[in-house]
Every structure is written in C-alpha cells, then in structure tokens.
Amino acid sequence: METSNNRFVTIPTPDPSWDYYQLWHTLQLIKSDLDSSIKLLSETEENNDYTGEMVNSSLHRIDALVEKAKGEI
C-alpha cells in the first residue's frame, strides 16, 4: 500500500511487522502536525490568539512525538 501527499510524492506504507514501523508512524504524525501548522500559518494574514494557540499546541505535541521517536530508534 502507498500513500500520496499533496505534492504528488508517493510514500510507501510499510508492513506493520517491519522493524521501523512504529518509528515510521510516529514520524508521519510529526509530519502531519507540521503540515497542518504550516497550512494554518499560510492562511492567516495577521497575528491572532487563535493561530498562536493552535501552533503552540502543535509544537508541544511535536516535541513530545520527537521524544517518543528517539526511544523508537
């Protein structure tokens, strides 16, 4: 199975029995959060509390996921 993102890049989806599956999945979650934050920022013309809170929340989630990923290597 393969996944395609918005840039038309095909990303192979590994078998769950693959040794690096958990790390791959965690990195996909990080990428998704980053993409969502970048999209939100690109759609926001002026600084506002909502955008700041959403991006800050996403960055905290990303930080936790990065720490989790380090333990999966």
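Of SER42, LEU65, GLY52, which is farthest on the positive side of the dipole of the chain, counting Cα position, with +1 on Lys and Arg Cβ, -1 on Asp and Glu Cβ, and the Cα centre as origin?
Projecting each Cα onto the dipole axis, the largest value belongs to LEU65.
Relative to the compact globular guide of 2.2 N^0.38 Å, what is the alpha carbon radius of gyration of the chain, as a ratio?
Dividing the Cα radius of gyration by 2.2 N^0.38 Å gives 1.31.
Counting only helical runs of four or more DSSP H residues, what would the 222 nm mean residue ellipticity of the chain come to if each run contributes -39,500 (n - 2.57) and the total is spread over all its residues?
The helix-only estimate for the chain comes to -22000 deg cm²/dmol at 222 nm.
Each reported figure results from applying straightforward, stated rules to the coordinates on display, with no laboratory input. The structure presented is a predicted model; accordingly, all values stated were derived computationally and were not measured. Positions of Cβ are generated from backbone atoms using ideal geometry, with glycine treated the same way; all protein chains shown enter the neighbour counts.
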